[in-house]
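Trainee: My questions all concern the structure below.
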């Protein structure tokens, strides 16, 4: 393991000092109304619990790399202002994005509130908030953004190529079709990648009168459920993927393991969010010369709506599944709009209709 990877390693819970492990286990127990020290983290979504534990694991790993992780010290004894300042400088020396640094400090502060509730950790959380407010993006996201109709066209082209390019293997065609469907879907339903990877047939994706998506509150970042229909213009593509290409991908397994996950890898397993992240970046890199990550799709949707009409920003909440106006305005666009949301989807549908007359182009294949 390189020095770089050792520095950035997240110490897994199983390698935490025993008292840290015990304190975290206590925080994950069901909340006890008669004991304020029990179950403090039980209300977090499972993904939030994982992210917070990972952030705390990076703090412990940093201490370990400095030979400063003593099993005899309690979590609150380790978290001195001097160590926190040194940790902050170390994160800056790694050339991390300022928002990422603020997030690491916030994760540490929130974890200490969960596992050492008797301590006063507001000073760490407030420091993280100040860092976040002062943070500047490491890279202007607008430099890699593309018009949504161009991304939709890419998705349609990939699916078209998969259906008509007989020089590819069945597996390569299945991967190509899957990636095209991913792109075309994501530009119309810009979910966070964990929710995108978590789409599961019969659970949060079901065919009723129409194909419906329902993601429960415990599985979303802001704790609000997501409910929407599968894009009507992609229903035929979805059903073709389920009938033909998804089944082809299952053949990659030596021993078939049943899964109801929507997105299946070339090896016949459920795709994780990292695999989806890499595929989307690879496909957009080939087409546009710059890789577009899944989170940027959310900005693309917001910006397209914003530039269509300076009305009200309700539509951003609908497209991005935000629970409040403040979230949409703060993270994506200061301009608001309402009717633009409908025009956003109309423009995508119109572009899809025009694409039917063009035919698709093939693309070089990327492995999962």
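The values are calculated or read from the model by the stated rules, or taken from the named source; none is laboratory data. The model shown is predicted, which means the values in this text are computed figures rather than measured ones. Here Cβ is always computed from backbone atoms with ideal geometry, including for glycine, and neighbour counts include all displayed protein chains.
Trainee: Identify all residues within the stretch 36-61 that are modelled with pLDDT of 90 or more and part of a loop (DSSP other than H, G, I, E, B); write none if there are none.
Mentor: 38, 39, 40, 41, 42, listed by residue number.
Trainee: Within the stretch 239-269, take every residue that is free of Cβ contacts under 8 Å to residues at least 60 places away in the same chain and not in a loop (DSSP other than H, G, I, E, B) and give me the one that is surrounded by the fewest Cβ atoms within 10 Å (Cβ to Cβ).
Mentor: The selected residue is 243.
Trainee: If you take the residues in the stretch 283-313 that are buried (at least 17 other Cβ atoms within 10 Å of the Cβ) and over 12 Å from residue 145 (Cα atoms), which one is modelled with the lowest pLDDT?
Mentor: Going through the qualifying residues, I end up with 313.
Trainee: Tell me which residues, restricted to the stretch 284-299, are in contact (Cβ under 8 Å) with a residue 12 or more places away in the chain and more than 23 Å from residue 211 (Cβ to Cβ).
Mentor: 284, 286, 287, 288, 290, 291, 292, 293, 295, 296, 299, listed by residue number.
Trainee: Examine the stretch 39-56 for a residue that is surrounded by fewer than 19 Cβ atoms within 10 Å (Cβ to Cβ) and farther than 22 Å from residue 222 by Cβ, and state whether such a residue exists.
Mentor: no
Trainee: Would you please name the residue that is modelled with the highest pLDDT, looking only at residues in the stretch 216-238 that are part of a loop (DSSP other than H, G, I, E, B) and more than 15 Å from residue 185 (Cα to Cα)?
Mentor: Applying the filter and picking the extreme gives 216.
Trainee: Considering only residues that are more than 27 Å from the chain's Cα centre (by Cα) and in a helix (DSSP H, G or I), look in the stretch 22-32 and name the one that is surrounded by the fewest Cβ atoms within 10 Å (Cβ to Cβ).
Mentor: In this case the residue turns out to be 22.
Trainee: Can you tell me which residue among 109, 119 is touching a helix residue (DSSP H, G or I) at 6+ places or on another chain (Cβ under 6 Å) and surrounded by fewer than 17 Cβ atoms within 10 Å (Cβ to Cβ)?
Mentor: Values: 109 fails: surrounded by fewer than 17 Cβ atoms within 10 Å (Cβ to Cβ).
Answer to the check: 119.
Trainee: Looking at (1) more than 14 Å from residue 62 (Cα to Cα); (2) at pLDDT 95 or above, find the lone condition where residue 87 falls short.
Mentor: Answer for residue 87: the failing condition is (1).
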